[in-house]
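Written below as structure tokens is the structure these notes are about.
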């Protein structure tokens, strides 16, 4: 195939501030980074969504004075604090890994996007402060003051994810700098952080946070429901979490469509990998399932729906969709990983939407929870499935960006450290995270088993205690 | 602007060394508190003092990382590739420390609390040592510019690194003892206050001796750093630090733990500034200067402006947290760590003895 047939790259490639070549182990480094992200991102979901749910329940308590709400909010807030503590350390690991694994990426570009992390750091700081005051302030601050202390937690959870996703969006559509003779010059941090891709990435991840948190917490209480724990406390927990998760799932359908069209415009090769589309064509089909065969340049054993991809990606059944052949093979991501991850995310997302729909319809018609045991079994399964969809979505977008760490500007293999022993580090990290996961699971089980605190109406949390 | 960003880094390192360092130091006293019963009271105090603040304290580390990589990206990449081993060890220690501490609050039996506590305490020693060792590699000029261009082992296993690593552990222990003594007074636990007073005096004396003796190590291993610390601005700040350390000892001796908090913090701040002055104008001695390392002025200005706007939110929030803490509004009820669990049985006594011996050996 002649080179002239390939897309010309948008920007000139860089040499890297620490040298033109990277180390040999980009794949190990990528796995290490992926592992750490997979541990951290679920916790981020709780940071995004759980405070809002807790405040909602505390708001119910303030309005009604019903201590069931208070007991629930208090219990959830303790879980949130523990998860936040774990998130503090897993987030620290990530920031270490930026330097430990990708020193050349940081040395070359950290000035361009670094301000985003500075602002994220401040959000994180504010979150840490207020979550501590909130949890340790139960019954020690006035009722209204305590509720207000929760508000900055929700806001800083939002601004924190805003800036981090700003950096990720920048990696996918890098702007805000100029390349002159392989050197990065004229960095413009604000332009870099507010790229056109930020909008859909933020909305997509924010809703995912509500879905993951909602379905996981709902799953815990649905398990209790199946075992006969059906008092007011458990019912409230189920209704609140399912309501948040169902609304987020519905909105995610719309945002997902937006995100897909944005990817089609700004990273057509990534979209081609999502769909296993080998050749650029008009009226492209959508394929469900199957395996991409690179030699044949097609997806085998899948179900083809004619013109569907053109319709989804461009809202026009005859639109032209860019295929993998637009770039030389060395510039294509590993198609099957990306494609399986993408289809997993979409498939699970649709299933979760259906669970949410059952809940919403039952609630609207009867003002009660569904009665079928199958519904509760589905909710129990929805928790882990939502996690799988979350990770699959990140695999799709991050692996789909390969072989670039900064899209079409810097290769991942160039960014990686030249230090030896990455395999050792990776093995250690796997063991440590396995231990961490076991410890958190142990703790959550313990918290779930403990009977709810008995709250006495009108007791210490009064204005008098503020004196 | 590069100087402003360097100043921010110094503020961040100082805050982390004082606040974060004290949290690691608390882990040191947790480690050396003895068996489950004997050490239970000390551990209970550590748990109570650290719980509301350690996460906020830890964020200073993130602050330092972010400012360094944005303002001095080449230095960041060079440091993190050459010093990958101690920094990876520090990262692992941070995972273990944070998780074990958070989980210990939920332990249901003394046995669980002991396993988690030992993890928490051992990693509390590992982290400051690793950071100190990494810092020693930079200060002694062992980190060249480049992707893992320096020696992966000698860059942090060398006399200067060992000295600064040990000093970091000792300083944290000293700070923690001072802070915990004050907290014990507020919690109305006079015997604990006495115990921490003794620890503060001991740790303070040892830290001072190691610091003075360490000058000889620096003289032979890192001559440029030694010269910087013993002349001009570096010398002034070293003397200020020594004076502040002596004042702290006197305050602790006379039981005035509140003011001792601040003089102890001042001692750490002075020595941090002294180090920066000593290796001026280099960020990575002996070649990379501050001006060469600094990012474009647009970036530095945006960074400082962003942090300034953030500070408008952050500083009142911090003030609110520390005010609530110092007023005792967020205080948890004090209880010795071992008494949260069922009454000790005979088998626990035996285990407690084992742990005591293990603690002694460590």
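Where a number appears in this text, it was derived from the coordinates with a stated rule and is not lab data. Note that the structure is predicted; figures quoted are calculated from it, not measured. Note that each Cβ is placed from the backbone with ideal geometry, even for glycine, and that neighbours are counted across all protein chains shown.
One table, with the values for the structure above:
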| read-out | value |
| --- | --- |
| Using alpha-carbon coordinates, inclination of helix B:346-361 to the longest axis of chain B, degrees | 30 degrees |
| Cα-based shape type of the stretch B:179-328, given that a ≥ b ≥ c are square roots of the gyration tensor eigenvalues and the cut on a/c is 1.5 | oblate |
| Chain B shape via C-alpha gyration tensor axes, a/c threshold 1.5 | prolate |
| Peptide B:143-150, shielding by other chains (average Cβ, 10 Å cutoff) | 5 |
| Range of Cα positions in the stretch A:32-87 per principal axis (Å), largest first | 48, 15, 11 |
| 0 to 90° range, to nearest 10: angle between helix A:373-399 axis and chain A longest Cα axis | 30 degrees |
| Evaluated at q = 0.09 Å⁻¹: base-10 log I(q)/I(0), Debye formula over Cα of the protein assembly as shown | -0.92 |
| Average Cα contact separation per residue, chain A, under 8 Å, 6 or more apart, as relative contact order % | 24 percent |
| Against the rule of thumb 2.2 N^0.38 Å, how large the Cα Rg of chain A comes out | 1.05 |
| Residues B:69, B:60, sorted so that the one with the fewest Cβ neighbours within 10 Å comes first | B:60, B:69 |
| Euclidean distance between Cα centres, the stretch A:377-439 to the stretch B:40-85, Å | 23 Å |
| Relative contact order computed over the stretch A:1-142 (Cα-Cα under 8 Å; 6+ residues apart), in percent | 33 percent |
| Projected label distance in nm at residue A:254 and residue B:227, using a 7 Å step from Cα toward the beta-carbon | 6.9 nm |
| Euclidean distance between Cα centres, the stretch A:12-80 to the stretch A:236-266, Å | 17 Å |
| Per-residue mean of C-beta atoms belonging to partner chains within 10 Å, peptide B:311-318 | 4 |
| Test item: A:423-436 mean partner chain Cβ contacts at 10 Å | 2 |
| Spatial separation of Cα centroids for the stretch A:161-204 and the stretch B:255-300, in angstrom | 31 Å |
| Intensity falloff of the stretch B:1-157 expressed as log10 I(q)/I(0), Debye formula with alpha-carbon point scatterers, at q = 0.10, 0.13, 0.20 Å⁻¹ | -0.41, -0.65, -1.20 |
| Burial ranking of peptide ranges A:305-317, A:63-75, A:286-298 (average Cβ count within 10 Å, highest at the top) | A:63-75, A:305-317, A:286-298 |
| Packing-based exposure ordering (other Cβ within 10 Å, fewest first) of B:48, B:111 | B:111, B:48 |
| Spacing of the two label points (7 Å from each Cα toward its C-beta) at residue A:151 and residue B:205, in nm | 5.4 nm |
| The stretch B:187-292, relative contact order [Cα under 8 Å, separation at least 6], % | 27 percent |
| Cα pair distances in the stretch A:139-272, grouped into 5 Å bins until the bin that holds the longest one, percent each | 2, 9, 12, 13, 15, 14, 11, 8, 6, 5, 3, 1, 1, 0 |
| Pair residue B:287, residue B:4: separation of 7 Å Cα→Cβ label points (nm) | 3.1 nm |
| Cα pair distances of the stretch B:217-291 binned at 5 Å [whole percent] | 3, 18, 20, 18, 15, 11, 8, 5, 2, 0 |
| Kirkwood-based Rg to Rh ratio, the stretch A:213-269, C-alpha trace | 1.29 |
| The stretch A:253-398: antiparallel DSSP beta bridges as a percent of all, rounded to 5 | 100 percent |
| Theoretical FRET efficiency, 1/(1+(r/R0)^6), r = Cβ-Cβ of residue B:242 and residue B:322, R0 35 Å, to 0.05 | 0.80 |
| Estimated FRET transfer efficiency when R0 is 41 angstrom, pair residue B:151-residue A:232 (beta carbons, to 0.05) | 0.05 |
| Gain in span if fully extended, residue A:183 to residue A:295, counting 0.36 nm per residue against the direct Cα distance | 36.6 nm |
| Efficiency of FRET from Cβ geometry, residue A:437 and residue A:305, R₀ 45 Å, rounded to 0.05 | 0.70 |
| Degrees, to the nearest 10: B:73-82 long Cα axis against longest axis of chain B | 60 degrees |
